[in-house]
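Accompanying notes for the structure given below.
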Amino acid sequence: MRLLDIIALAFMALKDRKLRTILTILGVVIGPATIVALVSTTQGLNQSIVSQISRMGIETLYISPLRGVRTPVSIDDRVISEIQSIDGVKDVIPIYTIGSSRVSVGGKVLNDVNVVALRFSDLQKLFPGITVADGEGQIYESMSAAVVGFKVANPADVSIPKVSVGDSLIISATRRTGGTSARAYIVRGVLSEYGQSFFINPDTTVFISIKSGELLTGTKSYSALFVKAESVDAVSSVQEVLSERFSGKFMVNSVSAIIERMSSITANISIFMSSIASMSLVVAFIGIMTTMFTSVTERVREIGILKALGFKTKDVMSMFLMESTLIGFIGGLIGVSAGAVGSFFVVPFFSGRFGLPVGGMAGRAPVQSQLSFTPAISPELMALTMLIVILVGVLAGLIPAWRAAKLAPVEALRYE
């Protein structure tokens, strides 16, 4: 028999038993839909995180005080000088993250805004490609100057006032030595929209001078340092020297190491979720096999007639095998399509607010970054999932098809 004839007969057999076929296909759909939705979501999550971290440069290292120690070591100018003298170090960027800060403009408090103090000249080094969209192209190290991120200047909430160049900001913060301090700043620049960054999101941050950070926090101990290596090749040697020299004092991480760890974590999550989703394929396998065995039992006399008309054993086997394959193919096609659409509904469960504590000292609020991403729905993932589901259909139909093909015509015709 021709392949098209086998497909046509198998399709007609499935069509004659619509309800059973539909229910079996629905049982198959769950597996590929779950696999595509979960795997594409975790892959999208991984790509988003890697993209955020990479924006700061693979040659960047991050240094912060260790948590949980009784007497934390201060990161001061002496430490900066010591790091600067290490071979392979290109630049050291100190920052203050202003803990428990409150920013208000025109008497209204700005929500979800972080305050970071640094040298304004380091903005380009920390966020390559960022520009001043409005205001002074060159921000001078003024005690009263502030530079605001794009989303701070253009909040999505209409009840929150926009911030423009020339506006006055009041920043109040809890000092590390106790008590609170507040200072007024004039907005000298509004940054262009930059996008997400893992450690600091510049779009939701108010930047002030490093000296103002010292006054607001009441200490000369920086919250963290970003160290720029001279090249990507120099990162490992610089990190090794820093880890040896400041062992037990500071936490030293490189962007490349963080990327590697995050990729490993998301890969393990993807494998774990795929394993859970694969259990539904076992259920689909059993469902298809049950349906095919039932079909063979109901159609014994039909098989006898087909063989009496000259159908060969391989033709009968091919026809029943094609039925199970079609169930797997249709279920897989619907499943991967549903999974691709459903992945966008899974994303909100992974999205949300997350923070990496920059500085890590008591009373320090983490710098928050908005995690938003799109699922990574690749043709390879969908094709592989389809192939697996079709294979499940073929394997589930083998034994029933073999049983149908082995029926003797005389016995099949006498079957009641």
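Taken together, the values in this text are just the output of simple stated rules run on the coordinates, not laboratory data. Keep in mind that what you see is a predicted model, and the values were worked out from it rather than measured. Please note: Cβ atoms are built from the backbone with ideal geometry, for glycine as well, and neighbour counts cover all protein chains shown.
Sequence-ordered 3J(HN,Hα) estimates for the stretch 29-35 from the Karplus curve with 6.51, -1.76 and 1.60 and θ = phi - 60° stand at 4, 4, x, x, 4, 5, 4 Hz, glycine and proline given as x. Matching the structure-derived Cα extents along the principal axes in Å against the labelled list (i) 78, 59, 42; (ii) 63, 51, 45; (iii) 100, 51, 37 gives the label (iii).
Note on Ile305 and Ser159: the extension gain reaches 44.8 nm, defined as 0.36 nm multiplied by sequence separation minus the Cα-Cα distance.
Magnitude of the charge dipole for the stretch 67-248, about its Cα centre and with charges confined to Cβ atoms of Lys, Arg (+1) and Asp, Glu (-1), is about 740 debye.
In the stretch 28-144, Cα pairs under 8 Å separated by at least six residues give a relative contact order of 17 percent. Listed by chain and number, the aspartates and glutamates whose alpha-carbon sits under 15 Å from that of Lys228, ignoring those within fewer than 8 places in the same chain, are Glu59, Glu82, Asp87, Asp91, Asp122, Glu240.
Expressed in nm to one decimal, what extension gain is obtained for the pair Glu380 and Ser54 from 0.36 nm per residue of sequence separation less their Cα-Cα distance?
On the way: separation 326, 0.36 × 326 = 117.36 nm, distance 2.50 nm.
Between Glu380 and Ser54, full extension yields an extra 114.9 nm.
Between Ser278, Ile160, Thr204, the Cα set farthest toward the positive side of the dipole of the chain (charges on each charged residue's Cβ, about the Cα centre) is that of Ser278. Just name one of Ala383, Val109, Ala13: the one whose Cα is farthest towards the positive end of the charge dipole of the chain (beta-carbon charges, Lys/Arg +1, Asp/Glu -1). Value computed over the given set: Ala13. Taking a straight line from the alpha carbon of Lys18, these aspartates and glutamates sit under 14 Å away, with near neighbours fewer than eight places off in the same chain left out: Glu323.
If you average the sequence gap of Cα pairs under 8 Å that are 6 or more apart and divide by the length of the chain, what percent do you get for the contact order?
Numbers: 803 pairs, mean separation 126.2, N = 416.
Here the relative contact order equals 30 percent.
Once you order the gyration tensor axes a ≥ b ≥ c over the Cα atoms, which shape class does the stretch 85-140 get: rounded for a/c under 1.5, otherwise prolate or oblate by comparing a/b with b/c? Oblate is the answer for the stretch 85-140, as a/c is 1.5 or above yet b/c matches or exceeds a/b.
Its DSSP H runs of at least 4 residues, each contributing -39,500 (n - 2.57), put the calculated 222 nm mean residue ellipticity of the chain at -17000 deg cm²/dmol, to the nearest 500.
Taking Cα atoms only, the orientation of helix 235-245 departs from the longest principal axis of the chain by about 60 degrees.
Between rounded, prolate and oblate, where does the stretch 164-316 land on the alpha carbon gyration tensor, with a ≥ b ≥ c its root eigenvalues, rounded for a/c under 1.5, else prolate if a/b exceeds b/c?
On the way: a/c = 4.25, a/b = 2.84, b/c = 1.49.
Because a/c hits 1.5 or more and a/b exceeds b/c, the stretch 164-316 counts as prolate.
Of Lys151/Lys220; Lys162/Lys220; Lys108/Lys220; Lys90/Lys151; Lys220/Lys249; Lys151/Lys211, which pairs sit farther than 27 Å apart, going by alpha carbon to alpha carbon? Don't skip to the answer; put the middle values down first.
Numbers: Lys151/Lys220 30 Å; Lys162/Lys220 33 Å; Lys108/Lys220 30 Å; Lys90/Lys151 31 Å; Lys220/Lys249 17 Å; Lys151/Lys211 25 Å.
Long pairs (Cα-Cα over 27 Å): Lys151/Lys220; Lys162/Lys220; Lys108/Lys220; Lys90/Lys151.
Label separation (Val109 vs Leu395): 5.8 nm, computed from points 7 Å beyond Cα along the C-beta direction.
I'd like the distance separating the alpha-carbon centroids of the stretch 142-163 and the stretch 1-77, in whole Å. Measuring centre to centre over Cα atoms gives 37 Å.
Overall, the chain carries a charge dipole of about 1060 debye about its Cα centre when +1 sits on the Cβ of Lys and Arg and -1 on the Cβ of Asp and Glu, all other atoms neutral.
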